Amino acid sequence: MENIKKLGIMGGTFNPIHYAHLLSSNYVLEKFNLDKIIFIPTGEPPHKKDINIVSAEHRYNMTKLAIEDNDNFFISDIEIKRKKTTYTIDTLKELKAIYGDDVELYFITGTDTINQVYSWKEPEEIFKLTKFIVTTRPNYVLDDNTKDLVLKHKDKIYFCETPMLEISSTNIRKRIAQEKMVTYLLPKNVESYIYENNLYKIDFFKKYEKELNMLKNSLTEKRFNHSIQVAKEAKSLAIEHKEDIEKAFLSGLLHDCCKCFTKEEIYKAKDKYNFKLDDVLEKQLDLAHSFLGYYVAKDVYNIEDENMLNSIKYHTTGRANMSKLEKIIYIADYIEPTRAYFEGLYEARELAYKDLDKAMEYILKNTIDFNEKKGRIIHPLSKEAYSYYKN
Ligand SMILES: [Fe+2]
Ligand SMILES: [Fe+2]
């Protein structure tokens, strides 16, 4: 590397790297007149395998792609190559060895990290080897810990206000798992790399191929497609509200498994499973598909989890005090992305990702109003559910 006097160090997991990393790096480079910034992806976590962190090789490749059009940025694999636990002190020593003792190192970090330096290995030695540039939001007020640290290490800690984009790797990973767009959050080539290598994706279609085929044979094409959409929506809601993702997917997939039963098939199934149709179900036979779904999911699809079975059972009527999974399936059925527009759909979608109980209240009210207008009888379970979620 040619003569570098001031070298910025940008370390991180970069899981994945995104525009906020790049923008703040560039700000720091400009403001502190750095010659270059070296991006150093961290190695594999030594002990616990964190399933959310993709391999060092992928993180290295993504970082490389992200900075390829900037001559002031370059990448290093020194932390990845080090097979043991990596410490900042080792990295700093290695950089001094490579670029010479005269190179001035500027370790770029955030406000949270700077306060942790004293929990790192050999903190005093670290302050001898590098300066710190702490990126902050505009008008950020230092807390007492940081003030003490700055007093102790005058001329070693600098602050740099950078425009803070509301972008985080966590959020990008979540969006990809939810099959939402991440365009404009990270460079296009990184986005493509993620898709090409199937990173951060959560997909159960392979695992449940058998169930999918069975379902396909027992539903109309339209109903089958709807089931897939409900499965995906339920998965996405489960990610948002921290429910079991796989259970949500599978319950969503099977929720309408009896929806295409003929009248004869409904009567046959109710006898087979010893299920008694109440007055409302007797008059509105279509509602029975969710109750029979409970038995068919158990008997034909071998679902044993009572919570999953109940989420299928109550997806048409709802009930008071539903489990999180029950709410997710009920709501996913209502808001899945291919639903044709009706009044209240967008509001329901919005609420679903904010507050499941509020979404329940909203959807129950809409559904009850709609059915009353159509002259249908409202199932007592729905009335109970509505009065429960209203309060
Ligand atoms: Fe249904
Ligand atoms: Fe449905």
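Search the stretch 125-172 for residues being of a type in the set (Phe, Trp, Tyr) and out of contact with any strand residue (DSSP E or B) (no Cβ under 6 Å at 6 or more places or on another chain), and hand back the single one that is most open to solvent (accessible area, probe 1.4 Å). It comes out as Tyr140.
Residues of the stretch 334-357 that are away from ligand 2 (no atom under 16 Å from the Cβ), open to solvent by 20 Å² or more (accessible area, probe 1.4 Å) and of a type in the set (A, V, I, L, M): Leu351 alone. For the stretch 60-80, a residue qualifies if it is within 22 Å of Arg173 (Cα to Cα) and open to solvent by 20 Å² or more (accessible area, probe 1.4 Å), and the qualifying residues are Tyr60, Asn61, Lys64, Leu65, Ile80. Listed conditions (1) of a type in the set (A, V, I, L, M); (2) without any contact (Cβ under 8 Å) to a residue 40 or more places away in the chain; (3) farther than 30 Å from Phe32 by Cβ are all met by Ala177, apart from (2). Within the stretch 173-190, the set of residues being surrounded by 15 or more Cβ atoms within 10 Å (Cβ to Cβ) and not in a loop (DSSP other than H, G, I, E, B) comprises Arg173, Lys174, Arg175, Ile176, Ala177, Leu186, Val190. Answer with yes or no whether Met360 is open to solvent by less than 60 Å² (accessible area, probe 1.4 Å), within 20 Å of Ala248 (Cβ to Cβ), assigned by TED's automatic domain parsing to the domain that holds Phe224 and outside any helix (DSSP H, G or I). The answer is no for Met360. Pull up the stretch 39-59, narrow it to residues that are open to solvent by 50 Å² or more (accessible area, probe 1.4 Å) and not hydrophobic (A, V, I, L, M, F, W, C), then point me to the one that is nearest to Pro187 (Cα to Cα). Per the criteria, the residue is Glu57.
When Ile53, Ile38, Ile80 are checked against the criterion of being touching a helix residue (DSSP H, G or I) at 6+ places or on another chain (Cβ under 6 Å) and among the hydrophobic types (A, V, I, L, M, F, W, C), a single residue qualifies: Ile80.
One residue stands out among those in the stretch 288-333 that are assigned to a helix (DSSP H, G or I), surrounded by 18 or more Cβ atoms within 10 Å (Cβ to Cβ) and polar (S, T, N, Q): the one that is nearest to ligand 1 (Cβ to nearest atom), which is Ser290. A Cβ distance below 7 Å, combined with a sequence gap of six or more or placement on separate chains, defines the contacts here; from the stretch 257-271, residues that are in contact (Cβ under 8 Å) with a residue 40 or more places away in the chain and within 14 Å of Phe291 (Cβ to Cβ) reach residues that are within 16 Å of ligand 2 (Cβ to nearest atom) and assigned to a helix (DSSP H, G or I) in the pairs Cys257/Leu215; Cys257/Ser218; Cys257/Gly293; Cys257/Val296; Cys257/Ala297; Lys259/Arg223; Lys259/His289. For the stretch 236-271, the set of residues classified as more than 20 Å from Leu212 (Cα to Cα), open to solvent by less than 60 Å² (accessible area, probe 1.4 Å) and more than 15 Å from the chain's Cα centre (by Cα) consists of Ile266, Ala269, Lys270, listed by residue number.
Quick check, is Tyr267 more than 16 Å from ligand 1 (Cβ to nearest atom), at pLDDT 95 or above and out of contact with any helix residue (DSSP H, G or I) (no Cβ under 7 Å at 6 or more places or on another chain)? For Tyr267, the condition - more than 16 Å from ligand 1 (Cβ to nearest atom), at pLDDT 95 or above and out of contact with any helix residue (DSSP H, G or I) (no Cβ under 7 Å at 6 or more places or on another chain) - is met.
Does at least one position in the stretch 16-38 carry a residue that is surrounded by fewer than 21 Cβ atoms within 10 Å (Cβ to Cβ), of a type in the set (D, E, K, R) and at pLDDT below 95? Checked against the condition, which is being surrounded by fewer than 21 Cβ atoms within 10 Å (Cβ to Cβ), of a type in the set (D, E, K, R) and at pLDDT below 95, the stretch 16-38 yields no hits at all. Within the stretch 90-114, the residues that satisfy the criterion of being over 22 Å from Glu166 (Cα atoms) and in contact with a Ser or Thr (Cβ under 6 Å, 6 or more places away or on another chain) are Leu92, Leu105, Phe107.
Applying the condition of being of a type outside the set (A, V, I, L, M) and in contact with a Phe, Trp or Tyr (Cβ under 7 Å, 6 or more places away or on another chain) to the stretch 162-181 and asking which residue is nearest to Ile108 (Cα to Cα) yields Thr162.
Of the helices (runs of 4 or more DSSP H) lying entirely inside the stretch 198-273, those containing at least 1 residues that are in contact with a Ser or Thr (Cβ under 7 Å, 6 or more places away or on another chain) span 209-218, 221-241, 245-254.
With respect to (1) without any contact (Cβ under 8 Å) to a residue 40 or more places away in the chain; (2) farther than 25 Å from Thr85 by Cβ; (3) in a helix (DSSP H, G or I), the lone exception for Pro138 is condition (3).
Per this entry, Asn274 is counted among residues that are surrounded by fewer than 14 Cβ atoms within 10 Å (Cβ to Cβ) and more than 16 Å from ligand 1 (Cβ to nearest atom).
Checking each residue in the stretch 201-235 for being open to solvent by less than 40 Å² (accessible area, probe 1.4 Å), away from ligand 2 (no atom under 16 Å from the Cβ) and under 16 Å from the mean Cα position of the chain (by Cα) picks out only Phe204.
The values are calculated or read from the model by the stated rules, or taken from the named source; none is laboratory data. Keep in mind it's a predicted model, so treat the numbers as computed, not measured. Ideal geometry is used to build each Cβ from the backbone, glycine not excepted, and the neighbour counts take in all protein chains shown. When the accessible area is computed, the model is the full protein with side chains, heavy atoms only, and any ligands, DNA or RNA have been set aside. Shrake-Rupley method; radii C 1.70, N 1.55, O 1.52, S 1.80 Å.
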